[in-house]
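Only one structure is covered here, and it is reproduced in the block below.
The values are calculated or read from the model by the stated rules, or taken from the named source; none is laboratory data. Remember, it's a predicted structure, so these values are computed and weren't measured experimentally. Note that each Cβ is placed from the backbone with ideal geometry, even for glycine, and that neighbours are counted across all protein chains shown. Note: areas computed on protein heavy atoms with side chains; ligands, DNA, RNA excluded. Shrake-Rupley method; radii C 1.70, N 1.55, O 1.52, S 1.80 Å.
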Amino acid sequence: MQFVLEKRAERSNTIALVSPLIAIGLTIVTMSILFAILGKNPILALGVYFIDPLTDSYSLQEIAVKATPLVMIGVGLSLCYLANVWNIGAEGQFLIGAVAGSWLAVKTQGTGAGYWVLPAMLVLSAVAGALYALIPAICKVRFGASEILTSLMLVYVADLFLDYMVRGPWRDPAGFNFPTTAEFDPVATVPVLIEGGRLHLGAIIALLVVAATTVLLGRTIKGFEIRVVGAAPRAARFGGFNSNQLILLTFAISGALAGLAGIIEVAGPVGHLQPGISPGYGFTAIIVAFLGRLNPIGILIAGLFLALTFIGGEQAQIAMKIPLDVTKVFQGLLLFYVLACDSLILYRFRLIFPSRKVSSGAA
């Protein structure tokens, strides 16, 4: 007797819808066991993670702040994944966008520049993110290099470049030798939407990105092309779709959105450039994209949920002394279960009883 995975005759839409819920349920069960191993009450810990942040207005704002970069990056990644190309380096594109936009903020520091600075920073960061993402895309199209490896390796290049800039040329002379730039001028910061909180204009931009991508995928020829090339490459070739051009386009859009998220994070909640501006938004956004079923609206919901884990993890660290790294464990488990449950969309478990062969000897 053995279990085998048998390919389904057709894709199950029901399982496709419930798969993320199954993954979340399995993750919560696993985390409950982990909390018990750590000597914590699982019910209380889960309450701090998922209930307490929803009962406080400031925490709700913080959830929106955390969700903003996750949603923007996740939407961009979904375009790549729908086209069956794999951008794993959104973290690096996020950092490069932050550096590029911060360059203008540093150069105009104290010069009395006008309100054109912030829009120019947003454009500069998006262009930088797109160009950085095009490096692995061009390597794939021109040389056949794996976009997974090249995009991932470029993350470390971006991280070290940011670290060099804030420890060297851009270090604030009045910053007590800390690796950080000077605080950005007001014209170089993202406006706050609610006085006394940190919710900023970037949340509105994220919603506009979700709306625009929904229209792109559902109402345009280019969106149809993205979905066809990813789902049926052979049919796409017969239809005259150019897969190489689509690789470049999806990587450019994905990089632009990641870069834009980078400068919004720096010019919004942070207010200056420094190492560690990202708690891993570019990698967490991969979970967001798959948990949201590569659908912009689903990604918005998934982004809010993952942002809840960030805020809940911080509160659990304070209230219950639970290590903050447990949040990363939660997110890693969630990705594992999402991918595992997704296999049920195309395959099903089947129990096989091998037939017993009886050998007959000569009389």
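The listed residues are 45, 36, 16, and the only one of them that is part of a helix (DSSP H, G or I) and crowded, with 16+ Cβ neighbours inside 10 Å turns out to be 45. Of the helices (runs of 4 or more DSSP H) lying entirely inside the range 173-287, the ones with 3 or more residues being surrounded by 19 or more Cβ atoms within 10 Å (Cβ to Cβ) are found at 202-219, 221-231, 243-265. Kindly establish whether residue 123 is in contact (Cβ under 8 Å) with a residue 60 or more places away in the chain, open to solvent by 10 Å² or more (accessible area, probe 1.4 Å) and either assigned to a helix (DSSP H, G or I) or not charged (D, E, K, R) (or both). Answer is no for this residue.
Candidates are the residues of the range 145-172 that are part of a helix (DSSP H, G or I) and among the acidic types (Asp, Glu); the one that is least open to solvent (accessible area, probe 1.4 Å) is 147. Limited to the range 298-342, what total is found for residues that are among the basic types (Lys, Arg) and in contact (Cβ under 8 Å) with a residue 40 or more places away in the chain? Number satisfying all stated conditions: 1.
Looking across the range 319-329 at every residue that is outside any helix (DSSP H, G or I) and of a type in the set (A, V, I, L, M), the one that is surrounded by the most Cβ atoms within 10 Å (Cβ to Cβ) is identified as 322.
Scanning the range 71-87 for residues that are part of a helix (DSSP H, G or I) and not aliphatic (A, V, I, L, M) returns 74, 76, 78, 80, 81.
Does the range 105-118 include one or more residues that are among the charged types (D, E, K, R) and within 27 Å of the chain's Cα centre (by Cα)?
Keep residues of the range 105-118 that are among the charged types (D, E, K, R), which gives 107.
Checking which are within 27 Å of the chain's Cα centre (by Cα) leaves us with none.
Checked the range 105-118: no residue is among the charged types (D, E, K, R) and within 27 Å of the chain's Cα centre (by Cα).
Does the range 301-318 include one or more residues that are open to solvent by less than 20 Å² (accessible area, probe 1.4 Å), out of contact with any strand residue (DSSP E or B) (no Cβ under 9 Å at 6 or more places or on another chain) and not in a helix (DSSP H, G or I)? Checked the range 301-318: no residue is open to solvent by less than 20 Å² (accessible area, probe 1.4 Å), out of contact with any strand residue (DSSP E or B) (no Cβ under 9 Å at 6 or more places or on another chain) and not in a helix (DSSP H, G or I).
Taking the range 19-29 as the range and being touching a residue at least 24 places away in the same chain (Cβ under 8 Å) and open to solvent by less than 40 Å² (accessible area, probe 1.4 Å) as the test, the residues that pass are 19, 20, 23, 24, 27. When the range 330-350 is filtered for residues that are assigned to a helix (DSSP H, G or I), of a type outside the set (A, V, I, L, M, F, W, C) and more than 20 Å from residue 37 (Cα to Cα), the ones remaining, listed by number, are 337, 342, 343.
Against the criterion of being on the phi < 0 side of the Ramachandran plot, hydroxyl-bearing (Ser, Thr, Tyr) and touching a strand residue (DSSP E or B) at 6+ places or on another chain (Cβ under 9 Å), residue 55 does not qualify.
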